[in-house]
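Report on one structure; see the data block that follows.
The values are calculated or read from the model by the stated rules, or taken from the named source; none is laboratory data. Since we're looking at a predicted model, the values are computed, not measured. Here Cβ is always computed from backbone atoms with ideal geometry, including for glycine, and neighbour counts include all displayed protein chains. Calculation scope for accessible area: heavy atoms of the full protein, side chains included, ligands and nucleic acids excluded. Shrake-Rupley method; radii C 1.70, N 1.55, O 1.52, S 1.80 Å.
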Amino acid sequence: MKHNVDHKKIWLEWVPMGVCAVAILTCAFVFGQKWYKVLPTLNTLVILLLSARVDRRSFLLGGLNAALYGIGYLGEGLYFSVINCLLVSMPLQLFSFFHWRRHADGNSAKLRTLGWKGEIVVISLTAVGCLLCHWFLLPFFAGEQQAVLDIFLFVIGLVITVLSMLRYVEAPYYNLISAAANMVMWILICSDNIADLNYLIMAAYSLFRVVQSVITWTKQYQKSQKESFGETAVLDAK
């Protein structure tokens, strides 16, 4: 009996995840890293894969993983990221899982779009949020590494979490900007402390998965639109 093997799926999903897992565990062994730094990065490999599949279970695992990441970021002195993980990301991701389940489409959900007016609002709020955090909160974290990038990632991370929770297809597009900025931040941090190489590996993997998410979320949105138009046509016919 023949079994059909999806080679594309193997090379785009399982191989990158396996390579990153081996690299992360190798770094953990070489640099003697704490378990609370290693475990969330390994969990994130699965979470990002589920997100690239537009699978709502990514929110459930992501909410639980945010607590572990918060502990790791605390050790790195990235306080805005700690706040984002424990007080923003964790509760919102858990809520997102249940919200997506109410609008389920298999393991995914029916997506919608912001429209150009919504885009203007989101971009404006992101810019204002970054300025407010920079002006009012930065003085309290003057000794933090990469404070400016960390503030930007905190604000845009909140925006992405809310957009994802509300099922907006634009979420991965904003996440693409965030993933690129995150990559830059960890390159700068690793230039001073190579022991944090596992975070840089994760940043590269995240960027790869976010590119995939842009494609898969767009396809899911198009599917949702077709189904919505089909349901409207049936109602009109009645």
Using the Cα centre of the chain as the reference point, and only Cβ charges (+1 on K/R, -1 on D/E), how large is the resulting charge dipole? Debye, rounded to the nearest 20. 900 debye
Computed from every Cα-Cα pair in the range 156-229, P(r) in 5 Å bins starting at 0 and rounded to whole percents is 3, 17, 20, 19, 15, 11, 7, 4, 2, 1, 0
The local net charge around Arg209, scoring Lys/Arg +1 and Asp/Glu -1 for residues other than Arg209 whose Cβ lies under 11 Å from its Cβ, equals 0
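Whenever you get a sec, compute what percent of the accessible area on the chain sits on carbon and sulfur atoms (1.4 Å probe). Can you show the working numbers first?
Values: 9010 of 12850 Å².
Answer for the chain: carbon and sulfur cover 70 percent of the accessible area.
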What is the ratio of the Cα radius of gyration of the chain to 2.2 N^0.38 Å, with N the residue count, to two decimals? 1.08
Nearest 10 degrees, 0 to 90: what angle lies between the long axis of helix 15-31 and the longest principal axis of the chain (Cα atoms)? 20 degrees
Degrees separating the helix 147-165 axis from the principal Cα axis of the chain, which is the longest one: 20 degrees
Along the range 40-55, what does the Karplus equation 6.51 cos²θ - 1.76 cosθ + 1.60 (θ = phi - 60°) give for ³J(HN,Hα), rounded to whole Hz, x for Gly and Pro? x, 5, 5, 4, 5, 4, 6, 4, 5, 5, 5, 5, 5, 8, 6, 9
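Using per-residue counts of other Cβ atoms within 10 Å, averaged over each peptide, order 115-122, 186-193 from highest down.
Values: 115-122: 12.0, 186-193: 14.2.
Answer by packing, highest mean first, reads 186-193, 115-122.
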For the range 168-180, in order, what is each residue's ³J(HN,Hα) by Karplus, 6.51 cos²θ - 1.76 cosθ + 1.60 with θ = phi - 60°, in whole Hz (x at glycine and Pro)? 8, 5, 6, 3, x, 5, 5, 5, 5, 5, 4, 5, 5
In the range 109-131, which residues have a backbone nitrogen under 11 Å from the label point lying 7 Å from Lys223's Cα in the Cα-to-Cβ direction? 109-111
Whole-number accessible area per residue in Å² for the chain, which is evaluated in the context of all protein chains at 1.4 Å: 54 Å²
SASA check, Cys27, accessible area w/ 1.4 Å probe, all protein chains in place, rounded to nearest 10 Å², comes out at 10 Å²
